[in-house]
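Taking it in order: structure first as structure tokens, then the write-up.
The values are calculated or read from the model by the stated rules, or taken from the named source; none is laboratory data. Since we're looking at a predicted model, the values are computed, not measured. Methodologically, a virtual Cβ is constructed for each residue, glycine included, from the backbone with ideal geometry; neighbour enumeration extends over all protein chains shown. Ligands, DNA and RNA are excluded from the accessible area calculation, which covers all protein heavy atoms including side chains. Shrake-Rupley method; radii C 1.70, N 1.55, O 1.52, S 1.80 Å.
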Amino acid sequence: MISPVHGSKRNTPPFRYDIVGSFLRTETLKTARSLHLQGEITDGQLHEIENTEIYKLLQQEMALGLKAVTDGEFRRSWWHLDFFLGITGTQKISLDQGRSAKEAVQRAESFRIVGNIAFGDHPMVGQFIELQQMAGDTLAKMTIPSPALFHFVENYNGNEIYPNRETLFRDIIQVYQDAIRAFYAAGCRYLQLDDTTWGTLCSGRHRAHLRSRGIDPDQLAQDYVRLINESIAGRPADMTIALHVCRGNFRSTWFAAGGYEPVAEVLFSQAEVDAFFLEYDNERSGDFAPLRFIRDQQVVLGLVTTKHGGLESKEQIIARIEEAAQIVPIDQLCLSAQCGFASTEEGNMLTEEEQWDKLRLIIETANEVWV
């Protein structure tokens, strides 16, 4: 039997209880976005409704006791495309069919590079400023897709602008370095890079598919660690950058399965991020053994699922934290849900009440473990 362990609280991000970022969209917001799509309300009217709903969300987050809050990604349709499409030189494209995510089919949308890419006057910088203003003295967390994912998605869609891969890498790195500078200047001190690429590289099925396309998944992992590291190089010392590894989260479905072992050594021992948010809500994510490659980073264990309602057992969560603490020191561990509650505007298959109950459980559990 594993003996109980206790750690200490943290005053810097990631916190002992934390969130990935997205929240279920409210009915008011869903209606407004639908009316906007139909041309029945203006951009300005939609923006004001978003502001109202984000403010209400922030009040709930702060009342719950979260130490870092987000806007729930309420201004986004997708967790990643909205950011990519704000980059100069990109364009939305329609695909023949949506990518299958287990049994669900996503909207058939993606992006393509149509010109030299640059961060430019990205709308999300202004959105972050509004978020921090509404959050007041509470730390606001910004979530954006990772540079590795930008290349991974682009590589599937192709482009006629960058025939040379190294030139494309150079410009992606520049985009993200400029993004980090812009968000920092806007007041951001907690930035999260969301990335399904690593979840894909954990999957035997997806690795086989990559090989069928002439791509070595192990070399790709090395390339993507380099891409992330060079993108975040030179970041301010007081800015925390975390990497969230995901295996898919569209309407409670997923597209990749497999433990972290295939990427653990290269990712955990070489990536220069400050923290990893890792899915560990079920057997698809494997065991804790790959955490042996963690150095001094914080590891946020995603032990509570956002895929469905129904609360996990607090005792079982604590037992799993204690199990992980046999590999990574307890004071390098934190707790969160395994993903956001709505990576796309459709949201996962649970209620708002269940969403908040999940977060209460995370906070209560963390407060028992880290005292």
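Observations, loosely collected:
- Region 1-106 holds helices (runs of 4 or more DSSP H) entirely within its bounds, and those carrying 3 or more residues that are farther than 28 Å from L139 by Cβ and modelled with pLDDT of 95 or more map to 27-37, 43-64.
- For region 6-16, the set of residues classified as among the basic types (K, R) and open to solvent by 20 Å² or more (accessible area, probe 1.4 Å) consists of K9, R10, listed by residue number.
- Some residue of region 154-174 being touching a Phe, Trp or Tyr at 6+ places or on another chain (Cβ under 8 Å), of a type in the set (A, V, I, L, M) and within 20 Å of R76 (Cα to Cα): no
- Qualifying residue in region 177-196 (condition: open to solvent by less than 70 Å² (accessible area, probe 1.4 Å), free of Cβ contacts under 8 Å to residues at least 12 places away in the same chain and part of a helix (DSSP H, G or I)): no
- Within region 127-159, the set of residues being of a type in the set (D, E, K, R) and over 17 Å from I172 (Cβ atoms) comprises E130, D137, K141.
- The set of residues from region 78-95 being out of contact with any helix residue (DSSP H, G or I) (no Cβ under 8 Å at 6 or more places or on another chain) and closer than 24 Å to I54 by Cα comprises W78, W79, L81, L85.
- Looking at R292, R235, just one residue is assigned to a helix (DSSP H, G or I) and charged (D, E, K, R), and that residue is R292.
- The set of residues from region 134-176 being open to solvent by less than 10 Å² (accessible area, probe 1.4 Å), among the hydroxyl-bearing types (S, T, Y) and in a helix (DSSP H, G or I) comprises just one member, Y176.
- Checking each residue in region 197-230 for being hydroxyl-bearing (S, T, Y), in contact (Cβ under 8 Å) with a residue 40 or more places away in the chain, in a helix (DSSP H, G or I) and over 30 Å from L139 (Cα atoms) picks out only T200.
- Of all residues making up region 22-45, the number that are within 30 Å of E323 (Cβ to Cβ) and open to solvent by 50 Å² or more (accessible area, probe 1.4 Å): 0
- Annotation note: of I54, I19, the sole residue that is crowded, with 21+ Cβ neighbours inside 10 Å, in contact with a strand residue (DSSP E or B) (Cβ under 8 Å, 6 or more places away or on another chain) and within 22 Å of L193 (Cβ to Cβ) is I19.
- Listed by first and then second residue, the pairs linking a residue in region 34-46 that is farther than 18 Å from E345 by Cβ to a residue that is modelled with pLDDT of 95 or more and open to solvent by less than 80 Å² (accessible area, probe 1.4 Å), with Cβ atoms under 9 Å apart and 6 or more places separating them unless they lie on different chains, are T42/H36.
- For region 315-354, residues that are among the polar types (S, T, N, Q), under 20 Å from the mean Cα position of the chain (by Cα) and either outside any helix (DSSP H, G or I) or surrounded by 22 or more Cβ atoms within 10 Å (Cβ to Cβ) (or both) total 5.
- Scope region 263-291; condition modelled with pLDDT under 95 and open to solvent by 40 Å² or more (accessible area, probe 1.4 Å); matching residues: N282, E283, D287
- In the set I241, I294, only one residue is at pLDDT 95 or above, closer than 23 Å to Y17 by Cβ, of a type in the set (A, V, I, L, M, F, W, C) and open to solvent by less than 10 Å² (accessible area, probe 1.4 Å); that residue is I241.
Matching residues to (1) out of contact with any Phe, Trp or Tyr (no Cβ under 6 Å at 6 or more places or on another chain); (2) charged (D, E, K, R); (3) under 22 Å from A366 (Cβ atoms):
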residue	(1), (2), (3)
P4	yes, no, yes
T12	yes, no, yes
Y17	yes, no, yes
G21	yes, no, yes
G39	yes, no, no
Q45	yes, no, no
E48	yes, yes, no
